[in-house]
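A quick write-up on the structure given underneath.
Quick note: the coordinates plus some simple rules give every number you see, no bench work behind them. Treat the numbers as computed from the prediction; the structure is a model and nothing was measured. All Cβ positions, even for glycine, are placed from backbone atoms using ideal geometry, and neighbour counts span all protein chains on display.
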Amino acid sequence: MEEIKEKARKFKEHPATKEALKSLKPTKSFWGIFSVILFFILPEIVAFNWGEEITLLCQEHIKDSSSLIDEYFYKAVEMMFGEGSWFNLIFGLGLLVWLFF
């Protein structure tokens, strides 16, 4: 068990690990905050609130679609907003908290 703790400590303190985490961290600016909210938090809120309606609407449009592009579009919308993900919501909130520390 001590070996694992020692390896984890070395990994945490390694300069390459610190640089990788620094490059992943969103910038503390309007665009950094806006992008975390727009790409992680907002789609999940929409999916949790209106997921069933969006799924039904997309399924209706898929039945009536005249082209393959329309069908793929509605399938993509259904996959994105059809069902909310707690993981994505928590991940987005975690990024937002990490942004300020």
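Things to note:
- VAL46 vs. criteria surrounded by 14 or more Cβ atoms within 10 Å (Cβ to Cβ), within 14 Å of the chain's Cα centre (by Cα) and among the β-branched types (Val, Ile, Thr): yes
- Residue in the stretch 49-72 that is in contact (Cβ under 8 Å) with a residue 40 or more places away in the chain and either within 20 Å of the chain's Cα centre (by Cα) or exposed (fewer than 10 other Cβ atoms within 10 Å of the Cβ) (or both) present: no
- Of all residue pairs spaced 6 or more apart or on separate chains, those with beta-carbon atoms under 8 Å, a first member in the stretch 1-30 that is more than 15 Å from TRP98 (Cβ to Cβ) and a second member that is β-branched (Val, Ile, Thr) and surrounded by 10 or more Cβ atoms within 10 Å (Cβ to Cβ) are PHE11/THR17.
- For the stretch 87-101, filtered to residues that are touching a residue at least 40 places away in the same chain (Cβ under 8 Å) and of a type in the set (A, V, I, L, M, F, W, C), the residue that is surrounded by the fewest Cβ atoms within 10 Å (Cβ to Cβ) is PHE100.
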